[in-house]
1. Which one is modelled with the lowest pLDDT among residues in segment 143-167 that are small (G, A, S), over 13 Å from T37 (Cα atoms) and in a loop (DSSP other than H, G, I, E, B)?
2. Taking segment 54-87, which residues are assigned to a helix (DSSP H, G or I) and of a type in the set (S, T, N, Q)?
3. From the set of residues in segment 128-144 that are aliphatic (A, V, I, L, M) and within 16 Å of ligand 2 (Cβ to nearest atom), which is surrounded by the most Cβ atoms within 10 Å (Cβ to Cβ)?
4. List every residue pair whose Cβ atoms lie under 6 Å apart, where the two residues are 6 or more positions apart in sequence or sit on different chains, the first residue falls within segment 22-36 and is touching a residue at least 60 places away in the same chain (Cβ under 8 Å), and the second residue, located anywhere, is open to solvent by 10 Å² or more (accessible area, probe 1.4 Å) and among the aliphatic types (A, V, I, L, M).
5. Can you tell me which residues in segment 131-144 are small (G, A, S) and more than 11 Å from ligand 1 (Cβ to nearest atom)?
6. Could we say that Q9 is at pLDDT below 95, of a type outside the set (K, R) and not in a strand (DSSP E or B) here?
Amino acid sequence: MKTVIHKVQENENDREIYEKAGEIIRRGGLVAFPTETVYGLGGDAYNRDSSRKIYAAKGRPSDNPLIVHICDICQLPDIAVNIPSCVKDLAESFWPGPLTLIMKRSDRIPLETTGGLDTVAVRMPDHKTALDLIRYSQRPIAAPSANLSGRPSPTKASHVFTDLNGRIDMILDGGSVGIGVESTIIDLTSHTPMLLRPGYYLAEDFTEILGEVQTDPAIKILDSGLKPDENIRPKAPGMKYRHYAPKAELNIVTGDDKKVVEMINRLVAEKEKAGIRCGIITAGEDPSLYPLGVIKDAGGSDGERAYSLFGILREFDEMNVGFIYARDLSGGRLGNALMNRLYKAAAGKIINV
Ligand code: AMP
Ligand code: MG
C-alpha cells in the first residue's frame, strides 16, 4: 500500500485534503493525524474491519482497546450508554482536551474497537486538524497512538512515517504536537471514578466535579524509588504492555543530584571502556557535568520534557547506543505522566543512589 503524506496548513487549501481523508475513513481505510497529545492512527469507530486494520498496521495486541475521538458532544449518545450526569460538566471544563473518559459501550461500537470490552474510551481532541478530520469523516474516529506497537508514541509526522509507511493510507502532517504525552484516562464505570493513565490532567483537577478520584494502584508512582507495584494488573489494558521501548537498555538513575551524576559518569565510563556507546537523558542540567556519552537534554521544565522525551528515545534508536541512562523527570504537572512513560521504557530498571 502506498502511504500518501499531506501537509495541512490550517487554511482554505486544506479542504480538498480533508475531503480525501474523510473518504478514506468512510470506506474503511486508515489516516494518521496530529492531536494536541501525540499523533493518532484513525479509522471509522463504527467499522469492525477498520479497527482490525488498526491492530494489524500497528502490530497491536487485539485486547488493547482504541480511544474513540469525537468532534461534537452530540456524537456521544451513539457511542456510550448510561452516560453519567457528570460527563456534561467534565466535557464543558475539559473538552476539547487531553482527557479520555471510560463509559459503558453502546452496541453501535463494535467489540473490535473496544478490544472486546463492554466499556468504551472517548475523547474530544483539542487540535483543529483532528477535529476537521472527524467532521469530514462524518463519524467518530477510533485511534490509538500512530506508532508500531512497543515503540515510543509519535510526536511528529516523520515518526509516523518511519513506523507505518506502506501500512496505512494517509498521514496528515500538522507539524509537531503540543503536549507530547498521551491523554489522562478516567474510568467512570467504577464505583469511585478512577485514574487509569496519568497525563496532562491530574486526579485533583477533577475533584470539584467528581469528588473523590482514585488512582489505579498499578500506576501509582511510589515515593521511594518511584516504582509501581508490578504484581498488580493495570485496569487500562494498554498499560500492561512494555511501551515506549527504545532498542538500547534504559536505566533511570535517581537520588541525590551529585551522586546521580557520579553514578552516570561511572557507568558510562565502564561501558565505553568496553566499546559500548552510551546515551544520557539529562533534565536541563549543565551538559559539561558529563564528559563521556551522547547527551540529549529533555529540558528543565515538565512541559519541555513531555515535548521532547519520545523524540529523544527515537533519536537514540537511530544511533548505535547500547545503554541509555536517564535522569529523574518527575516534578511539575506532567512529572507523573513522564515518569510513568519513562518507567515503562526502562522496563522497570531504576538505579537508586
Ligand atoms: P493509546 O492511546 O495508543 O496508548 O491507546 C489507548 C489507551 O486507552 C490504552 O492504554 C488502552 O488500554 C486505553 N483504553 C481504551 N479503551 C479502554 C477501556 N474501555 N477501558 C480501559 N482502558 C481503555
Ligand atoms: Mg499507544
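1. For segment 143-167, the residue satisfying everything is G150.
2. Just the residues of segment 54-87 that are assigned to a helix (DSSP H, G or I), to begin with: 54-58, 73-79, 86-87.
Answer for segment 54-87, where residues must be assigned to a helix (DSSP H, G or I) and of a type in the set (S, T, N, Q): just Q75.
3. A142
4. Pairs that qualify, where the first residue is touching a residue at least 60 places away in the same chain (Cβ under 8 Å) and the partner is open to solvent by 10 Å² or more (accessible area, probe 1.4 Å) and among the aliphatic types (A, V, I, L, M), are V31/I24; E36/I179.
5. The answer is S137, and nothing else.
6. Criteria met by Q9.
Every residue, every condition in (1) open to solvent by 10 Å² or more (accessible area, probe 1.4 Å); (2) within 13 Å of ligand 1 (Cβ to nearest atom); (3) touching a strand residue (DSSP E or B) at 6+ places or on another chain (Cβ under 8 Å), yes or no:
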residue: A146; (1), (2), (3): no, yes, yes
residue: G150; (1), (2), (3): yes, yes, no
residue: S153; (1), (2), (3): no, yes, yes
residue: S158; (1), (2), (3): yes, no, no
residue: N165; (1), (2), (3): yes, no, no
residue: G174; (1), (2), (3): yes, no, yes
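Per-residue answers, yes or no, for (1) under 23 Å from the mean Cα position of the chain (by Cα); (2) surrounded by fewer than 19 Cβ atoms within 10 Å (Cβ to Cβ); (3) within 19 Å of I185 (Cβ to Cβ):
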{"residue": "D44", "(1), (2), (3)": "yes, no, no"}
{"residue": "S51", "(1), (2), (3)": "yes, no, yes"}
{"residue": "A56", "(1), (2), (3)": "yes, yes, no"}
{"residue": "G59", "(1), (2), (3)": "yes, yes, no"}
{"residue": "D63", "(1), (2), (3)": "yes, yes, yes"}
{"residue": "P84", "(1), (2), (3)": "no, yes, yes"}
{"residue": "V122", "(1), (2), (3)": "yes, no, yes"}
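The values are calculated or read from the model by the stated rules, or taken from the named source; none is laboratory data. The structure presented is a predicted model; accordingly, all values stated were derived computationally and were not measured. Note that each Cβ is placed from the backbone with ideal geometry, even for glycine, and that neighbours are counted across all protein chains shown. Remember, those area values only see protein heavy atoms, side chains included, never the ligands or the DNA or RNA. Shrake-Rupley method; radii C 1.70, N 1.55, O 1.52, S 1.80 Å.
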